[in-house]
Structure formats: C-alpha cells, structure tokens
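**Q** One structure is given below, represented as structure tokens, and several questions about it will come after.
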Amino acid sequence: MPNYRRAWRPGGTYFFTHALRVRHGNDLLVRHIEILRDAVRVIRRRHPFEIHGWVVLPDHLHCLIELPQGEADFALRWRLIKMRFSRDVPADEWRSKILLRRRERGIWQRRYWEHLVRDEEDFRRHLDYIHINPLKHGLVQRAGDWPYSTFHRDVERGAYPPDWAGGPDTDADLYDD
C-alpha cells in the first residue's frame, strides 16, 4: 500500500482536488451546489481559510486555499465539509452492504489530491488550472460561461480579463486533470 505523505505547513497555501466516488455521469456537486456552498460557509466560520480560487464541476472540484497563520489542519476542514455535504444531500444513491453496515454514504473518493504551493508562479499556474478546468472538460466554450467558479469574482477584481480562455481555439488540453 502506498505511503501517503501530506505536507503540513502552518499558514500554507494548498491546491486540492476532491472527486466523487462515482464520477462518470454524476452531476451531484452542481445539482446540489447550494448544499455544498452552505457546507463550505459553515465550516469556514468554525475553521477559517481563505479561498483564492475554486471551481465545482459535476463530479469533482478544485480549489486553492490558504490556512491561517499557525494552522495546518486542512484535513479537518475537508472532513467536516464532506461530512456536512453528505449529511444534507438526499440519500438516493445505491449503497453496498458494507457501506450500509458502516453507515457511510460513499459519495466521495476516500483519497484526494493535495499540493502545497511553493511560490507565486506555482500559485498562478494552479489558479489558471482551476479557472480553465470547465473548458478542459468540454462543459463550456469560455471560462466566463461556467457559473460555479471564482473566475467571475477574479474578473471583477481585475485579476483576469473577461475574455480570458474565451474561445474554441483555447489550448485547454495543456492542463491535465
């Protein structure tokens, strides 16, 4: 079994990918986007973190967050967000006998991708990746067309032009998932 090592840096900035256990054809995250948003809001009040970038796709999400100085426990935040979302989403998915016996929903993949951001270039690359991801998956033709992204907030702040990654000739396949 692999030895997973997490990078725990107090006040660190991290890129995450979290995916649903069943991905193909699953739109649970966007279908229940308000439940996900509420889970993030509630947990951020109890366990603060700054959101630098976020995109929610039908079956997975990517985000770039920064923990407060002196805090490194991102795992607690994710566990609570996922638990709250799983608790509040209607229980209409198929569950195995094992999941039922454990009283688990089995909505999320057990593991997730985490990357400690090293520098400004690394930060920018991951932020761009987040915002171009809906194009990469063929969900929209322009980054600004995807409603579940911080791209709109960043355009208002002047961090991106409104037409960034804005057409069918965009090289979205440069960013691998």
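**Q** Those residues that are without any contact (Cβ under 8 Å) to a residue 12 or more places away in the chain and either surrounded by 17 or more Cβ atoms within 10 Å (Cβ to Cβ) or assigned to a helix (DSSP H, G or I) (or both), I need them from the range 153-166; list them, please.
**A** Once the filter is applied, which keeps residues that are without any contact (Cβ under 8 Å) to a residue 12 or more places away in the chain and either surrounded by 17 or more Cβ atoms within 10 Å (Cβ to Cβ) or assigned to a helix (DSSP H, G or I) (or both), the range 153-166 yields R153, V155, E156.
**Q** Quick check: is even one residue across the range 57-67 out of contact with any helix residue (DSSP H, G or I) (no Cβ under 8 Å at 6 or more places or on another chain), modelled with pLDDT of 95 or more and either part of a helix (DSSP H, G or I) or more than 13 Å from T17 (Cα to Cα) (or both)?
**A** Within the range 57-67, one or more residues are out of contact with any helix residue (DSSP H, G or I) (no Cβ under 8 Å at 6 or more places or on another chain), modelled with pLDDT of 95 or more and either part of a helix (DSSP H, G or I) or more than 13 Å from T17 (Cα to Cα) (or both).
**Q** In addition: Would you be able to tell me the number of residues in the range 8-23 that are of a type outside the set (S, T, N, Q) and under 19 Å from E121 (Cα atoms)?
**A** Matching residues across the range 8-23 total 6.
**Q** Next question, about the same structure. For the range 44-56, how many residues meet the condition of being over 11 Å from the mean Cα position of the chain (by Cα) and either outside any loop (DSSP other than H, G, I, E, B) or exposed (fewer than 14 other Cβ atoms within 10 Å of the Cβ) (or both)? Write out each step before concluding.
**A** From the range 44-56, those over 11 Å from the mean Cα position of the chain (by Cα) are 44-50, 52; that's our starting set.
Next, from what is left, pick out any that are either outside any loop (DSSP other than H, G, I, E, B) or exposed (fewer than 14 other Cβ atoms within 10 Å of the Cβ) (or both): 44-46, 48, 50, 52.
Adding up the residues that qualify gives 6.
**Q** Note down all Cβ pairs under 7 Å where the first residue falls in the range 99-124 and is on the phi > 0 side of the Ramachandran plot, the second is open to solvent by 70 Å² or more (accessible area, probe 1.4 Å), and they're at least six residues apart or on different chains.
**A** Listed pairs, sorted by first residue: G106/R21.
**Q** Here is a further query. Find the residue count for the range 129-152, including only residues that are in a helix (DSSP H, G or I) and farther than 16 Å from H62 by Cα.
**A** 2
**Q** List pairs: first residue in the range 22-37 and assigned to a helix (DSSP H, G or I), second residue hydrophobic (A, V, I, L, M, F, W, C) and open to solvent by 30 Å² or more (accessible area, probe 1.4 Å) anywhere in the structure, Cβ distance under 9 angstrom, at least six positions apart or on different chains.
**A** Pairs that qualify, where the first residue is assigned to a helix (DSSP H, G or I) and the partner is hydrophobic (A, V, I, L, M, F, W, C) and open to solvent by 30 Å² or more (accessible area, probe 1.4 Å), are L28/V22.
**Q** In the list I98, I132, which residue meets the criterion of being exposed (fewer than 13 other Cβ atoms within 10 Å of the Cβ), farther than 25 Å from H47 by Cβ, out of contact with any Leu (no Cβ under 6 Å at 6 or more places or on another chain) and among the β-branched types (V, I, T)?
**A** On inspection, the qualifying residue turns out to be I98.
**Q** Something else now. Quick one: R41 ticks every box in (1) over 18 Å from W108 (Cβ atoms); (2) part of a loop (DSSP other than H, G, I, E, B); (3) open to solvent by 80 Å² or more (accessible area, probe 1.4 Å); (4) free of Cβ contacts under 8 Å to residues at least 60 places away in the same chain bar one, so which box is it?
**A** Looking at each condition in turn, R41 falls short on (2).
The values are calculated or read from the model by the stated rules, or taken from the named source; none is laboratory data. It should be emphasised that the depicted structure is a prediction, and the values quoted were computed from it without experimental measurement. Quick reminder, even Gly has a Cβ in these numbers, built from the backbone with ideal geometry, and neighbours come from all protein chains shown. Accessible surface is based on the protein model in full, side chains and every heavy atom, while ligands, DNA and RNA are left aside. Shrake-Rupley method; radii C 1.70, N 1.55, O 1.52, S 1.80 Å.
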